[in-house]
Every structure is written in structure tokens, then in C-alpha cells.
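Written below as C-alpha cells is the structure these notes are about.
Every number in this text was worked out from the coordinates using simple rules, so none of it is lab data. Values in this document were obtained by computation on a predicted structure and should not be read as measured data. Using ideal geometry, Cβ is built from the backbone for each residue, glycine included, and neighbour counts are taken over all protein chains shown.
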Amino acid sequence: MASLYFYYSAMNAGKTTTLLQAAYNYRERGMKPLLLAPRLDNRFADTSEQAWIASRIGLQSPATAFEPDSDLFALVQTAHIKETLACILIDEAQFLSREQVWQLSDVVDQLGIAVLCYGLRTDAFGEPFPGSQTLLAIADHLLEIKTVCHCGRKATMVLRIDEQGLPVRAGDQVAIGGNDRYVSLCRRHYKASLQEGELV
């Protein structure tokens with residue numbers, strides 16, 4: 001029975017690696033996954049038409065890019081007519097709009113295709129992304145992928161840092177980057193770093 005899954009965590013927990021392993025497992029069994037990635041995150045794109053999903057440990061796979069206003073139900077339905085899809089795997093799911101999350105629930109409920117979303121729960125300021133907030137509200141299954149703070153506690157927060165490695169207290173919700181711009185911390189060290197104005 002198809003379900004809507006949300007795998008969430010702070011950064012550097014292995015969400016993308018887990019997604020790519022799932023894609024490999026489906027392909028190994030002769031089933032077709034459809035990988036989707038937001039065009040907004042173009043760190044790994046080689047052309048404007050081709051998106052790539054890439055993990056920190058070197059795994060990668062081509063993906064279909066989507067825009068903030070893409071109708072994901074229509075996109076999946078069209079792809080499913082061409083070739084039977086076993087599942088939909090979505091990287092950086094925090095960048096989905098609320099409407100797109102509801103469209104993905106229609107993929108599950110009307111087309112009977114499992115949808116597995118991987119993304120951040122909150123932004124660098126402790127606020128939920130609209131896509132993540134909606135997934136937390138309506139997904140059938142919520143699964144946390146854990147990572148650790150430098151102190152050994154579970155990291156649940158993401159701190160944005162500037163070019164000097166100092167905490168950023170305000171700014172746009174979305175700023176694409178990797179380890180050069182973000183650090184995963186436990187809540188205690190997240191708050192202390194913001195208060196002290198340096199990584200604690």
C-alpha cells in the first residue's frame with residue numbers, strides 16, 4: 001500500500017545518501033524510481049535541463065528538476081503513463097510548496113505510488129520551511145535521520161555561518177550552501193552560538 005514518507009533531519013545526517021541507496025535498491029529489483037530535485041538547488045546541475053542529486057560521500061544520480069510552481073501530480077502522472085513508476089524520491093523536500101506536498105499526497109492516494117521525501121525540518125533560524133511543515137502535518141510516516149553535534153548530542157538545529165565562520169542571526173530563509181555555510185548543532189550549542197556570536 002502506497003504511503004507518503006518524510007525523512008527529516010539537520011544537515012549532514014545522510015538524507016541524500018539514504019535517498020540514493022533507496023533508488024539503487026529499486027533499480028536493482030527492476031523497478032523504476034523517479035528522482036526529483038528542486039531547480040533552486042543547482043549546486044550539482046551540469047545543464048539547465050538536467051538536475052543531479054549528489055551526496056557528500058560521492059554518490060550521485062540524475063534527477064528531474066522541478067520549479068516552485070510545478071504541478072508535481074501532473075509531472076508524475078505523465079512520467080507514469082510513459083513508464084510504470086515504483087516510487088517517487090524527492091531530495092531537498094523542504095523546498096516544496098504547501099500545494100506541491102498536497103499534490104504528492106494525490107500521487108499516493110490516486111495513483112497508488114509511494115512518495116519518499118527527504119529534507120530539513122527547520123531553517124537556520126529555527127523556523128519550519130513551508131514544505132516541511134506540510135509534510136510534518138500530512139505525511140503517513142515521519143522518520144528522523146539522526147546526526148550529531150560536536151559535543152556528541154543529537155544535532156537538531158542548523159546554524160548558518162558567514163565567510164568568517166561566525167553565526168548569521170537574520171536573513172533570507174533560503175540560502176543554498178553546504179558545509180561552507182551551515183553547521184549542524186544540538187539546540188544548546190545552537191542557542192549558545194547565537195548568543196556568543198561565535199561557534200560554541
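Looking at this structure, is L96 out of contact with any Gly (no Cβ under 9 Å at 6 or more places or on another chain), of a type in the set (A, V, I, L, M) and under 17 Å from Y8 (Cα atoms)? Against the criterion (out of contact with any Gly (no Cβ under 9 Å at 6 or more places or on another chain), of a type in the set (A, V, I, L, M) and under 17 Å from Y8 (Cα atoms)), L96 does not qualify.
Please tell me if L159 is within 16 Å of the chain's Cα centre (by Cα), aliphatic (A, V, I, L, M), surrounded by 17 or more Cβ atoms within 10 Å (Cβ to Cβ) and under 20 Å from F95 (Cα atoms). No: the conditions fail for L159.
Residues of region 96-113 that are touching a helix residue (DSSP H, G or I) at 6+ places or on another chain (Cβ under 7 Å) and more than 11 Å from L135 (Cα to Cα): Q103, D106, V107, L111, I113.
Considering the conditions (1) more than 30 Å from F125 (Cα to Cα); (2) crowded, with 18+ Cβ neighbours inside 10 Å, Q100 is excluded by exactly one of them, (1).
Residue-by-condition table, conditions (1) in contact (Cβ under 8 Å) with a residue 60 or more places away in the chain; (2) closer than 27 Å to Y26 by Cβ; (3) of a type outside the set (F, W, Y); (4) touching a strand residue (DSSP E or B) at 6+ places or on another chain (Cβ under 9 Å):
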residue	(1), (2), (3), (4)
V115	yes, yes, yes, yes
G119	yes, yes, yes, yes
E127	no, no, yes, no
I145	yes, yes, yes, yes
V158	yes, no, yes, yes
I161	no, no, yes, yes
L166	no, no, yes, no
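Quick check, is G131 free of Cβ contacts under 8 Å to residues at least 40 places away in the same chain, crowded, with 21+ Cβ neighbours inside 10 Å and under 14 Å from the mean Cα position of the chain (by Cα)? Taking the combined requirement at face value, the residue satisfies it. Every condition in (1) surrounded by fewer than 14 Cβ atoms within 10 Å (Cβ to Cβ); (2) touching a Lys or Arg at 6+ places or on another chain (Cβ under 9 Å) holds for K82 except the one numbered (2).
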